[in-house]
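Here the structure comes first, spelled out in structure tokens, and everything after it is commentary.
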């Protein structure tokens with residue numbers, strides 16, 4: 001398990017009390033020593049620390065800080081298990097136990113994130129310390145993504161994605177010029193200063209998209225999205241999503257959005273698709289390539305723009321999906337032309353054609369009901385082997401349609417016993 005670190009990110013005065021955050025930062029290479037099982041890190045410092053309990057001998061993470069205003073505070077911790085679960089940790093402030101985290105069974109849900117919120121009381125005096133402690137009965141690794149102390153009544157804590165460029169100075173060094181950062185409740189947009197107006201407009205649009213995705217997926221992600229724009233050819237302008245919500249594009253994408261806005265889906269479809277992938281990662285929806293994110297994205301896009309705008313983009317896509325599926329079946333359920341249909345493209349289109357037909361048969365609540373069913377079934381996709389993934393999807397839809405949906409998948413030409421569906425690895429070979 002590789003070691004990455006938390007960075008002391010913020011130390012601010014909020015009028016009556018100090019507020020601070022420590023956030024995992026994958027771009028920070030510094031870390032303090034482990035002394036007798038304890039790592040000490042201070043808010044406002046430059047040194048990060050290993051993000052794990054029960055890893056590299058770390059049993060306690062100690063965070064000393066100053067606050068001269070006694071009273072209650074909110075302490076929030078965003079974390080995940082180390083995949084061996086069950087996982088749990090305890091928290092103390094000034095040596096007094098304040099509570100224990102929820103128990104996470106990361107062996108069943110190794111990709112799940114959690115947020116625990118504690119109400120703590122600071123006594124008199126300026127010097128205080130938070131201690132996050134391993135527990136004797138829970139020995140698997142606990143991975144921390146962010147820790148925040150804040151006044152009571154603030155919005156839920158959402159650390160910025162740990163792969164974010166995060167700092168204005170860092171971003172300006174990467175792009176070689178002055179920059180602009182637009183911050184809203186759920187995302188941070190980084191852009192060159194010359195594109196500040198476009199970045200503001202994009203931020204407002206993506207906040208609306210975020211709200212629609214919360215309604216469809218039935219969750220509010222624990223992380224803020226980091227939407228970053230780089231010169232053409234820059235390594236971070238990868239045209240996709242990384243980590244828990246870092247979306248990287250070149251400045252061309254932001255310029256295109258500035259020209260087209262919501263008058264043409266091509267101006268923003270990349271952003272909403274990657275954000276949709278960020279949401280679906282909370283359900284570990286592997287096995288469908290781009291298809292599931294694209295399918296959900298269409299419903300969301302149709303809530304954000306006029307029908308004519310959405311139709312102009314999606315109807316040609318629908319025809320292409322249907323044509324690809326027919327060509328695949330006519331070729332005996334084989335790729336009819338690898339040059340024309342790279343396997344990942346072929347598979348995605350076939351699945352999107354299937355999802356579209358299911359959406360038409362079920363109605364507009366298909367995707368909200370799908371993710372509700374995933375939660376009610378205790379996240380079966382988290383425990384599914386790659387060669388069983390498509391069977392698991394079919395079984396979830398079987399719950400929604402109240403009938404066996406495996407034949408419907410097979411009619412589409414999908415092999416329910418293989419990963420991927422054209423059979424690189426089969427269930428029968430395991």
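The values are calculated or read from the model by the stated rules, or taken from the named source; none is laboratory data. Given the structure is predicted, the values throughout are model-derived calculations rather than measurements. Positions of Cβ are backbone-derived with ideal geometry, glycine not excepted, and every protein chain shown enters the neighbour counts.
From the list 111, 140, 106, exactly one residue is within 26 Å of the chain's Cα centre (by Cα), assigned to a loop (DSSP other than H, G, I, E, B), free of Cβ contacts under 8 Å to residues at least 40 places away in the same chain and not assigned by TED's automatic domain parsing to the domain that holds residue 181. Which is it?
Sole residue among the options that is within 26 Å of the chain's Cα centre (by Cα), assigned to a loop (DSSP other than H, G, I, E, B), free of Cβ contacts under 8 Å to residues at least 40 places away in the same chain and not assigned by TED's automatic domain parsing to the domain that holds residue 181: 106.
Scanning the stretch 234-254 for residues that are in contact with a strand residue (DSSP E or B) (Cβ under 8 Å, 6 or more places away or on another chain) and without any contact (Cβ under 8 Å) to a residue 24 or more places away in the chain yields 237, 238, 248, 249, 250.
I want to confirm something. Restricting to the stretch 382-430 and keeping residues that are part of a loop (DSSP other than H, G, I, E, B) and modelled with pLDDT of 90 or more, which single residue is farthest from residue 107 (Cα to Cα)?
By that ranking, first place goes to 412.
Please tell me if residue 334 is touching a residue at least 24 places away in the same chain (Cβ under 8 Å) and not in a helix (DSSP H, G or I). For residue 334, the condition - touching a residue at least 24 places away in the same chain (Cβ under 8 Å) and not in a helix (DSSP H, G or I) - is met.
Any idea which residue in the stretch 241-260 is nearest to residue 294 (Cα to Cα), counting only those that are touching a helix residue (DSSP H, G or I) at 6+ places or on another chain (Cβ under 6 Å) and not in a helix (DSSP H, G or I)? For the stretch 241-260, the residue satisfying everything is 241.
Applying the condition of being outside any loop (DSSP other than H, G, I, E, B) and modelled with pLDDT under 75 to the stretch 31-52 and asking which residue is nearest to residue 88 (Cα to Cα) yields 50. Inside the stretch 56-83, can you point out the residues that are within 20 Å of residue 107 (Cα to Cα) and out of contact with any strand residue (DSSP E or B) (no Cβ under 8 Å at 6 or more places or on another chain)? 83, the sole residue that qualifies.
Filter the stretch 87-98 for residues that are surrounded by 15 or more Cβ atoms within 10 Å (Cβ to Cβ) and more than 16 Å from residue 145 (Cβ to Cβ) and give the result. If the condition is that a residue be surrounded by 15 or more Cβ atoms within 10 Å (Cβ to Cβ) and more than 16 Å from residue 145 (Cβ to Cβ), then 88, 90, 92, 93, 94, 98 are the ones that fit. Does residue 131 count as in a loop (DSSP other than H, G, I, E, B) and either at pLDDT 95 or above or under 20 Å from residue 243 (Cα atoms) (or both)? No; evaluated as a whole, the condition is false for this residue. Being in a loop (DSSP other than H, G, I, E, B), more than 15 Å from residue 413 (Cβ to Cβ) and at pLDDT below 95, is that true of even one residue in the stretch 340-355? Taking every residue of the stretch 340-355 in turn, at least one turns out to be in a loop (DSSP other than H, G, I, E, B), more than 15 Å from residue 413 (Cβ to Cβ) and at pLDDT below 95. Evaluated against (1) in contact with a helix residue (DSSP H, G or I) (Cβ under 8 Å, 6 or more places away or on another chain); (2) without any contact (Cβ under 8 Å) to a residue 60 or more places away in the chain, residue 352 falls short on exactly one condition, (2). Looking only at the stretch 198-213, residues that are within 17 Å of the chain's Cα centre (by Cα) and without any contact (Cβ under 8 Å) to a residue 60 or more places away in the chain come to 2 in all. Only residues that are in contact (Cβ under 8 Å) with a residue 40 or more places away in the chain and buried (at least 17 other Cβ atoms within 10 Å of the Cβ) were counted in the stretch 367-381, giving 5. Among the residues of the stretch 355-366, the ones that are exposed (fewer than 15 other Cβ atoms within 10 Å of the Cβ) and either under 23 Å from residue 273 (Cα atoms) or touching a helix residue (DSSP H, G or I) at 6+ places or on another chain (Cβ under 6 Å) (or both) come to 4 in all.
Is one or more of the residues making up the stretch 154-165 exposed (fewer than 15 other Cβ atoms within 10 Å of the Cβ), more than 30 Å from residue 46 (Cβ to Cβ) and within 19 Å of the chain's Cα centre (by Cα)? Checked the stretch 154-165: no residue is exposed (fewer than 15 other Cβ atoms within 10 Å of the Cβ), more than 30 Å from residue 46 (Cβ to Cβ) and within 19 Å of the chain's Cα centre (by Cα). Of everything in the stretch 166-197 that is touching a residue at least 60 places away in the same chain (Cβ under 8 Å) and assigned to a helix (DSSP H, G or I), the residue that is surrounded by the most Cβ atoms within 10 Å (Cβ to Cβ) is 195.
Please tell me if residue 324 is in a helix (DSSP H, G or I), surrounded by fewer than 16 Cβ atoms within 10 Å (Cβ to Cβ) and either assigned by TED's automatic domain parsing to the domain that holds residue 276 or modelled with pLDDT of 95 or more (or both). No, not satisfied. Among the residues of the stretch 69-103, the ones that are outside any strand (DSSP E or B) and either within 26 Å of the chain's Cα centre (by Cα) or touching a residue at least 60 places away in the same chain (Cβ under 8 Å) (or both) come to 9 in all.
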